[in-house]
Amino acid sequence: MNSTESPNTREKLFSEFPPVSTEAWEKVITEDLKGADYEKKLVWRTEEGFKVKPYYREEDLKQLEFLRRNPGEFPFVRGSKTDGNHWYIRQEIQVEQGKAAEANKKALLLLTKGVNSIGFKICGSVEVSYDDFAELLANICIKETEINFTIGKQAPLFVKYLIRFLDANKIGYTSFNGSIEFDPLGTLVRKGVIKSVASTIEEAMEMLVAIRKDAAVLPGLKTIAVHGKYYGNAGATLTQELAFSLSQGVEYISRLTEKGQTVESITPAMKFIFSTGSNYFLEIARIRAARLLWAYIVKEYGVTSDELCKANIHTETSSWNMTLYDPYVNMLRTTTESMSAIIGGTDSHTTLPFDSAYGETTEFSERIARNQQLLLKSESHFDKINDPAAGSYYLENLTNEIAEQAWSLFLKIEEEGGFYSAILKGTIQNIIEETREKRYNALATRRDTLLGINQYPNFTEKMDRELSEKLLAPVTCNCGGNCDVKTLGEYRGALAFEALRYRTDAFAAKSRRPKAYMLTIGNLAMRKARSQFACNFFACAGFEVVDNNGFKTVEEGVAAAIAANADITVLCSSDEEYATMAIPAFQQLSGKSIMVIAGNPACTEELQAAGIRHFISVKSNVLETLKSFQTELGI
């Protein structure tokens with residue numbers, strides 16, 4: 001701007017272009033649709049149950065009250081931070097019995113590699129003495145590192161250990177930042193019983209009261225965990241995970257206030273732990289909606305300060321999307337999932353290593369996992385800007401939609417008597433089970449895609465290691481039939497397809513790999529499109545697929561398929577040509593190879609009358625169809 005100009009003399013860019021109204025846009029869109037259904041063509045109905053419009057405009061923001069708030073201001077939809085988007089980069093370390101020194105050594109190494117948050121995971125069967133505890137934290141710079149413990153019944157003891165350790169090392173209580181993630185309600189819904197942490201739910205709440213009293217001197221210590229990830233990793237949608245987590249958080253507040261605790265002492269000690277899935281924009285909006293809803297919930301308790309309404313959120317990439325086959329693709333999944341969590345404003349984040357579905361990770365996979373976050377921070381500068389989603393017509397509306405959907409479900413749970421009552425009845429578990437089955441069906445029919453699993457598999461990949469049955473089944477907690485509540489398991493979307501493909505790999509190791517041969521003939525465009533479709537289709541089961549450029553006659557194609565020793569021959573052509581070619585091909589292949597028609601032609605009934613039974617198309621249930629072929633081939 002020229003030094004003689006005042007700000008009032010500036011001209012708006014593009015002012016020569018007249019504004020276009022929504023009505024004008026809609027008119028053009030309607031004309032372009034040429035009679036097609038607007039809702040079906042352009043409106044996306046999410047699995048969460050709300051509709052996403054094809055575009056949003058400034059006018060769609062007018063009804064959103066939270067837009068008039070800045071970062072750090074109630075209701076914290078724009079984040080709790082005002083000086084950038086800083087978050088803790090966390091990695092998990094499994095602590096085994098008698099191996100505290102080994103875990104400490106690994107922690108110290110990770111802290112030299114860019115990590116600034118450590119999560120020590122201690123299963124219920126591991127007993128940790130104070131000497132073990134001190135060994136875990138030896139030489140770690142407490143002032144610069146967030147320290148977290150995921151632990152069960154020893155949680156009250158760990159608070160005492162921590163205070164003793166800080167005193168022994170002359171470290172100020174205010175210097176500590178981290179958590180002892182005690183979640184008896186989460187344990188109950190995940191394992192079916194609470195006895196691994198306490199005898200009864202009342203005893204568990206008394207333990208929380210004792211923990212809070214001891215931890216009162218440690219303002220930076222979170223001791224009440226809400227593991228929302230248990231719901232997400234069991235197959236819940238992101239709005240369901242949010243609603244159930246909020247309900248669980250309210251259950252803790254209600255029970256602890258009944259025991260004399262104040263809301264002012266409870267909410268600063270709470271931490272929400274969410275899974276982050278692959279739905280990039282919705283996941284960004286979900287983190288923002290979580291802060292929004294929790295802030296309003298806590299406000300209703302009449303707290304004395306808005307600061308007490310802040311939600312502390314830790315996120316972890318979802319195990320639902322992890323795959324055993326084509327595992328390097330998991331790096332791409334966890335990168336976008338991490339981006340969503342960070343853009344959404346998470347306080348700390350764990351990126352699961354790409355091979356975590358195997359139950360054991362490697363030094364290489366753990367390095368890649370932390371470097372994914374370091375790249376987002378140091379090279380992409382995601383830590384510099386508060387709430388980069390702010391003002392986006394799309395994301396602001398998604399935030400509002402998710403908040404409304406989650407709030408509606410939250411109220412439904414409250415009407416049933418609250419979280420504890422709902423899990424005793426099985427309401428929450430049943431909702432998640434129903435959703436999980438819908439998601440599995442969407443994968444089976446390819447309405448949803450898991451790259452490398454139910455679509456675009458690596459044709460040449462063979463499982464080069466023996467897989468235990470546990471890896472091909474959900475992680476469920478067996479309480480021997482003595483469960484107090486219906487349990488949640490940990491599921492992966494890929495499980496059924498991986499079991500299918502592994503059966504083929506195991507069969508091929510002992511016999512030979514079944515072969516699907518493409519008999520491509522006739523219309524060039526149609527035969528190419530359908531052969532590519534069919535190759536992808538059968539490769540999902542680990543079958544060897546053989547494509548071809550095309551044959552001049554049916555006889556030539558059949559002879560080539562028989563010569564190739566094809567178990568399955570897929571006729572790939574146009575609908576019109578199937579009417580004349582399919583039956584002769586079927587008759588010549590009879591008893592020599594299973595014939596399949598690629599497509600759903602108008603002459604299907606005629607072909608079926610001639611004895612042709614197998615058709616594959618975009619409407620096929622890929623999983624069930626491939627299972628039937630395995631059965632027919634004796635796999």
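The values are calculated or read from the model by the stated rules, or taken from the named source; none is laboratory data. Treat the numbers as computed from the prediction; the structure is a model and nothing was measured. FYI the Cβ positions are ideal-geometry reconstructions off the backbone, even for glycines, and counts take in every protein chain you see.
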Point to revise | Failed item, numbered, when Ile171 is tested on (1) part of a loop (DSSP other than H, G, I, E, B); (2) touching a His at 6+ places or on another chain (Cβ under 9 Å) | key: (2)
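So is Asp60 modelled with pLDDT of 95 or more and not aromatic (Phe, Trp, Tyr) or not? If you could, list the steps in order and put the result at the bottom.
Numbers: modelled with pLDDT of 95 or more: no; not aromatic (Phe, Trp, Tyr): yes.
Taking the combined requirement at face value, the residue does not satisfy it.
Can you go through Thr315, Thr346, Thr323 and tell me which one is modelled with pLDDT of 95 or more, part of a loop (DSSP other than H, G, I, E, B) and in contact with a strand residue (DSSP E or B) (Cβ under 7 Å, 6 or more places away or on another chain)? Full working, then the answer.
Working: Thr315 fails: part of a loop (DSSP other than H, G, I, E, B); Thr323 fails: in contact with a strand residue (DSSP E or B) (Cβ under 7 Å, 6 or more places away or on another chain).
The unique qualifying residue is Thr346.
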Study note, to complete from the structure: Of the residues in segment 550-568 that are buried (at least 16 other Cβ atoms within 10 Å of the Cβ), part of a loop (DSSP other than H, G, I, E, B) and of a type outside the set (D, E, K, R), the one that is nearest to the chain's Cα centre (by Cα) is Ala566
Check your understanding: Looking at segment 31-71, which of its residues are in contact with a Phe, Trp or Tyr (Cβ under 7 Å, 6 or more places away or on another chain) and surrounded by 12 or more Cβ atoms within 10 Å (Cβ to Cβ)?
Key -> Val52, Tyr56, Arg57, Asp60, Leu61
Revision key, fill the gap. Sole miss for Leu188 among (1) assigned to a helix (DSSP H, G or I); (2) of a type in the set (A, V, I, L, M, F, W, C); (3) under 30 Å from Glu433 (Cβ atoms); (4) in contact with a helix residue (DSSP H, G or I) (Cβ under 6 Å, 6 or more places away or on another chain) is condition (4)
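Would you point out which residue out of Ala289, Ala225, Ala234 is out of contact with any strand residue (DSSP E or B) (no Cβ under 8 Å at 6 or more places or on another chain), closer than 27 Å to Glu337 by Cα and either outside the structural domain of Arg333 (by TED's automatic domain parsing) or crowded, with 24+ Cβ neighbours inside 10 Å (or both)?
Values: Ala225 fails: out of contact with any strand residue (DSSP E or B) (no Cβ under 8 Å at 6 or more places or on another chain); Ala234 fails: out of contact with any strand residue (DSSP E or B) (no Cβ under 8 Å at 6 or more places or on another chain).
Answer to the selection: Ala289.
Does Asn458 satisfy the criteria of being exposed (fewer than 15 other Cβ atoms within 10 Å of the Cβ), closer than 25 Å to Gly192 by Cβ and modelled with pLDDT of 95 or more? Explain how you work it out, then say what you get.
Values: exposed (fewer than 15 other Cβ atoms within 10 Å of the Cβ): yes; closer than 25 Å to Gly192 by Cβ: no; modelled with pLDDT of 95 or more: yes.
When the stated conditions are applied, Asn458 does not pass them.
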Review point. Counting only residues that are of a type outside the set (S, T, N, Q), under 21 Å from Thr445 (Cα atoms) and part of a helix (DSSP H, G or I), how many does segment 600-635 have?
Key: 7
Check your understanding: If you scan segment 537-579, which residues turn out to be small (Gly, Ala, Ser) and in contact (Cβ under 8 Å) with a residue 60 or more places away in the chain?
Key -> Ala539, Ala541, Gly542
Review point. Only one of (1) more than 16 Å from Ile180 (Cα to Cα); (2) not in a helix (DSSP H, G or I); (3) not acidic (Asp, Glu) fails for Tyr231. Which number is that?
Key: (2)
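What are the residues in segment 513-531 that are of a type in the set (A, V, I, L, M) and touching a helix residue (DSSP H, G or I) at 6+ places or on another chain (Cβ under 9 Å), if any?
Residues satisfying the conditions are Ala516, Met518, Leu519, Ile521, Met526.
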Exercise for review: Within segment 268-295, work out how many residues are touching a Gly at 6+ places or on another chain (Cβ under 8 Å) and of a type in the set (A, V, I, L, M).
Suggested key: 5
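If I ask for residues that are out of contact with any helix residue (DSSP H, G or I) (no Cβ under 8 Å at 6 or more places or on another chain) and not basic (Lys, Arg), which ones from segment 330-349 would you list? Spell out how you get there, then give the answer.
From segment 330-349, those out of contact with any helix residue (DSSP H, G or I) (no Cβ under 8 Å at 6 or more places or on another chain) are 332-333, 347-348; that's our starting set.
Once the filter is applied, which keeps residues that are out of contact with any helix residue (DSSP H, G or I) (no Cβ under 8 Å at 6 or more places or on another chain) and not basic (Lys, Arg), segment 330-349 yields Leu332, Asp347, Ser348.
So for segment 403-414 (the condition being closer than 26 Å to Ile284 by Cβ, in contact with a Lys or Arg (Cβ under 9 Å, 6 or more places away or on another chain) and in the same structural domain as Leu246 (by TED's automatic domain parsing)), does at least one residue qualify?
Looking only at segment 403-414, we keep the residues that are closer than 26 Å to Ile284 by Cβ, and these are 403-413.
Those still in the list that are in contact with a Lys or Arg (Cβ under 9 Å, 6 or more places away or on another chain) too: 403, 406.
After this cut, where a residue has to be in the same structural domain as Leu246 (by TED's automatic domain parsing) as well, the list is 403, 406.
Yes - at least one qualifying residue is present in segment 403-414.
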**Study point:** The listed residue being of a type outside the set (D, E, K, R), closer than 28 Å to Asn454 by Cα, in a helix (DSSP H, G or I) and without any contact (Cβ under 8 Å) to a residue 24 or more places away in the chain, out of Ala582, Ala496, Ala529
**Key:** Ala529
